[in-house]
Amino acid sequence: MNFAKFGKISYVAETKLQEFEKHLETGKVMGTRCKSCGQTYFPPRADCNCLKGDIEWIELSGKCKLMTFSTLYFAPASFRYEVPYTLGVAQFEEGPAVLAPFSKEIKENEIKVGMSLRLVPTELIGGRMIYELRKADS
């Protein structure tokens, strides 16, 4: 099971959730849901807090509302060329919250708590995949 192309740096190459990358590559925002208790997860999880282990993939709309955000001016070495960058915590219509960077198309002065956003898979140079927050209308 390979998970080598997700994110700017791969910390873990093996995972039970390798399909996550493939879904991002096809433009889908996929989470997981526990068939036993109904809990939905994003990023996806292979196991639920209820410990039943009956997880299924579900497609999320990507539609979310901004809960909070922060602009970072310092970063780990692998992100040093990105500063400053803004991260947001947004809640999907389907329930879970996500921590994600904002697209460069959104200026810091445009960001407001409560604004409608869309989480979108994005390909980086070299074919690596991430997801980012974009304006809901784009």
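The values are calculated or read from the model by the stated rules, or taken from the named source; none is laboratory data. Given the structure is predicted, the values throughout are model-derived calculations rather than measurements. Quick reminder, even Gly has a Cβ in these numbers, built from the backbone with ideal geometry, and neighbours come from all protein chains shown.
Out of LEU117, LEU124, LEU87, LEU99, which single residue is buried (at least 18 other Cβ atoms within 10 Å of the Cβ) and either hydrophobic (A, V, I, L, M, F, W, C) or under 21 Å from GLN39 (Cα atoms) (or both)? Please lay out each step first, then the result.
Values: LEU124 fails: buried (at least 18 other Cβ atoms within 10 Å of the Cβ); LEU87 fails: buried (at least 18 other Cβ atoms within 10 Å of the Cβ); LEU99 fails: buried (at least 18 other Cβ atoms within 10 Å of the Cβ).
Within the list LEU117, LEU124, LEU87, LEU99, the selection yields LEU117.
Determine which single condition ILE9 fails, assuming it passes every other condition in (1) surrounded by fewer than 18 Cβ atoms within 10 Å (Cβ to Cβ); (2) modelled with pLDDT of 85 or more; (3) outside any strand (DSSP E or B).
Condition (2) is where ILE9 drops out.
Given the criteria touching a residue at least 60 places away in the same chain (Cβ under 8 Å) and of a type in the set (A, V, I, L, M, F, W, C), does MET67 qualify?
Values: touching a residue at least 60 places away in the same chain (Cβ under 8 Å): no; of a type in the set (A, V, I, L, M, F, W, C): yes.
Against the criterion (touching a residue at least 60 places away in the same chain (Cβ under 8 Å) and of a type in the set (A, V, I, L, M, F, W, C)), MET67 does not qualify.
Please determine, by comparing only the residues of the range 114-138 that are more than 12 Å from the chain's Cα centre (by Cα) and of a type in the set (S, T, N, Q), which one is modelled with the lowest pLDDT.
Filtering first and then ranking leaves SER138.
Return yes when GLY27 is exposed (fewer than 13 other Cβ atoms within 10 Å of the Cβ), small (Gly, Ala, Ser), at pLDDT below 95 and under 15 Å from ARG118 (Cβ atoms) and no when it is not. Lay out the reasoning, then the answer.
On the way: exposed (fewer than 13 other Cβ atoms within 10 Å of the Cβ): yes; small (Gly, Ala, Ser): yes; at pLDDT below 95: yes; under 15 Å from ARG118 (Cβ atoms): yes.
Criteria met by GLY27.
In the range 57-105, how many are within 19 Å of ILE125 (Cβ to Cβ) and over 14 Å from the mean Cα position of the chain (by Cα)?
Selection size over the range 57-105: 12.
Can you tell me how many residues in the range 58-113 are closer than 16 Å to ALA136 by Cβ, at pLDDT below 95 and of a type in the set (Lys, Arg)?
1
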